[in-house]
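Here's the structure we're looking at; comments come further down.
Rule-based calculations on the coordinates, nothing more; no lab input. Every value quoted in this text rests on a predicted model; they were computed, and no experiment measured them. Here the Cβ positions follow ideal geometry from the backbone for every residue, glycine too, while neighbour counts run over all protein chains shown.
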Amino acid sequence: MSWVISSPAVVRGHILFATSDSSLFHIVDSAGKSVLQQPTGSYVFSSPSVAGDVVIYGVLNGSLQARDLHTGALLWEYQTEASRQNKSWILTADRKMNGPWFGASSWRESPLIAVDDQFSIGAFLSSPLIVGGTVFAGATDGYLYALQ
């Protein structure tokens, strides 16, 4: 099993969570049997939130993803402006973290610079809050997003 950094959501006898190291969204049944898994594109540290039949979570690549609760299909994705601009090539063409760019320096500050670069794209580490059809989530670019 992969690293599950966040708290899961439990809905209708199913457990929903995403992983940080394998970048997968999972739904398992109450016995722990896999119902589905979908790639998220990047690491996930955010806990999922559920509204009706929609699951929403934040991704380290600067996006919020909404998935169908039953099929796992991606319904929509919001990407921060900094993530879209991708200054300093933090993300690869398929929006995964650009590993070779991180830690390339032998200077001892390299890990700090790498984290700062990752956070500069507006990574979503927080868990979304859904109220009245609006999704609220804070990102590492310093903004609180409210999406309808």
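For the chain, take the longest principal axis of its alpha carbons; what is the angle in degrees between that and the long axis of helix 110-120, to the nearest 10 within 0 to 90? Helix 110-120 sits roughly 50 degrees off the main axis of the chain. The fewest-to-most ranking of Ser30, Ser2, Ser49, Ser83 by surrounding Cβ atoms within 10 Å reads Ser30, Ser2, Ser49, Ser83.
Please report the relative contact order for the chain, taking Cα pairs under 8 Å with a sequence separation of at least 6, and give it as a percent rounded to a whole number. So the answer I get is 17 percent.
Let me test this: with uniform point scatterers at the alpha carbons of the chain, what is the Debye-based log₁₀ I(q)/I(0) at q = 0.10, 0.15, 0.21 1/Å? Log10 I(q)/I(0), no solvent term: -0.34, -0.74, -1.29. Residue order for Arg12, Arg84, Arg95, fewest other beta carbons within 10 angstrom first, comes to Arg12, Arg84, Arg95. Shown in residue order for the stretch 47-58 are the 3J(HN,Hα) couplings computed by the Karplus curve 6.51 cos²θ - 1.76 cosθ + 1.60 at θ = phi - 60°: 7, x, 10, 10, 9, x, 9, 10, 10, 10, 8, x Hz (x for Gly and Pro). Protection proxy ranking of 36-46, 52-62, 127-137, by the mean of other Cβ atoms within 10 Å over each peptide's residues and highest first, is 52-62, 36-46, 127-137.
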